[in-house]
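I have placed the structure first, in the form of structure tokens, so that the comments after it can refer back to it.
Rule-based calculations on the coordinates, nothing more; no lab input. All values derive from a computational prediction rather than experimental measurement. Quick reminder, even Gly has a Cβ in these numbers, built from the backbone with ideal geometry, and neighbours come from all protein chains shown.
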Amino acid sequence: MLPFLWMISTSFKSRGALMTLPIEWIPKNPTFDAYIKVFTRFPFARAIGNSFFIAVSYTVLTILSSSMAAFAFAKIKFPFADGLFKVYLASMMIPVQVTLIPLFVIMNKLGLINTYTSVISPSLFRVFAIFLLVQTIKSIPDDYLDAAKIDGAGLFTTYRQVVMPLCIPTIATLCITTFMDSWNDYLWPLVMLTDRNYMTLPIALSTLNGQYATEYNVLMAGSLISMIPIIVVYIFAQKSFKGSLVSGGIKG
């Protein structure tokens, strides 16, 4: 916790009090100047809005696409299902950096550079999310699906009203991890978004680093602000998150 406490303390210090020794854990003259500078040097509020919109959209699309794919792999029999699923899993071994240039070329040809779509669209293919949900859906007894079929439910109704409610703990875990990954992602938005009006929060924070000097109080203030949504998301989803961890260790 010491680095985190130092971050909070530094964000309330003036520039002259940053390097004093011994370290002032409680600033003698606390000030909000660093927080004011964060919003004046860069359209920080716009960056927060961009990150929030991208992270929420990315998370929703990931849950929808991966849950549908996982339901198909786990409960629907179709030709070459096992082989296709193995190809999906094998793609997890491909580093993100390898696909960066091909993805950029595709987005460029589609005219999606400097758009939210270019950053959000990779959420349609999240192999780890599919893999995690496949294991959960496979554990659902087929009797539930057969009962829904007898009652006249189609595939989509069964998916929506039977499978999804039973996967809530796993989905909550995926929501937290996916939101965090998207919120903290730096490389892909940096490649896709060059317009300041579309930049996300990690890119905005990187602009606070000067070439020859860095105002650490301003940087720490921006970092603390960027952590608030992650903390809020975890607080609201922690019960489901813990439930997923507990259920994963129960057999039979």
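Remarks
- Three-way shape call for segment 1-110 based on the alpha-carbon gyration tensor, with the a/c threshold at 1.5: prolate
- Measuring r between the beta carbons of Ala81 and Asn114 and using R0 = 30 Å, the FRET efficiency lands at 0.20.
- About the Cα centre, charge dipole magnitude for segment 90-166 (Lys/Arg +1, Asp/Glu -1 at Cβ), debye: 360 debye
- Taking a ≥ b ≥ c as the square roots of the eigenvalues of the Cα gyration tensor, the chain is prolate, since a/c reaches 1.5 or more and a/b is larger than b/c.
- Rounded to 10°, Cα long-axis angle of helix 96-109 versus longest principal axis of the chain: 90 degrees
- Mean separation of Cα pairs under 8 Å and 6 or more residues apart, divided by the residue count, gives the chain a relative contact order of 33 percent.
- For Ile113, residues with placed amide H under 5 Å, excluding near neighbours: none
- Take the Cβ atoms of Tyr186 and Asp143, set R0 to 41 Å, and the FRET efficiency comes out at 0.30.
- The HN-Hα couplings worked out from phi for segment 221-227 by the Karplus form 6.51 cos²θ - 1.76 cosθ + 1.60 (θ = phi - 60°) are 5, x, 5, 5, 4, 5, 7 Hz, whole numbers, x standing for Gly and Pro.
- Rounded, prolate or oblate (a/c below 1.5 giving rounded, otherwise prolate when a/b exceeds b/c) for segment 124-235 by Cα gyration tensor: prolate
- Top positive-direction residue, dipole computed over segment 110-238 with Cβ charges, set Asn217, Ile228, Gln135: Asn217
- Separation between Cα centres of segment 164-179 and segment 102-126, rounded to whole Å: 25 Å
- Rounded FRET efficiency, nearest 0.05, which uses the C-beta distance separating Trp6 from Phe125 and R0 of 41 Å: 0.55
- Ordered by the count of other Cβ atoms within 10 Å of each Cβ, fewest first, Ile230, Ile120 give Ile230, Ile120.
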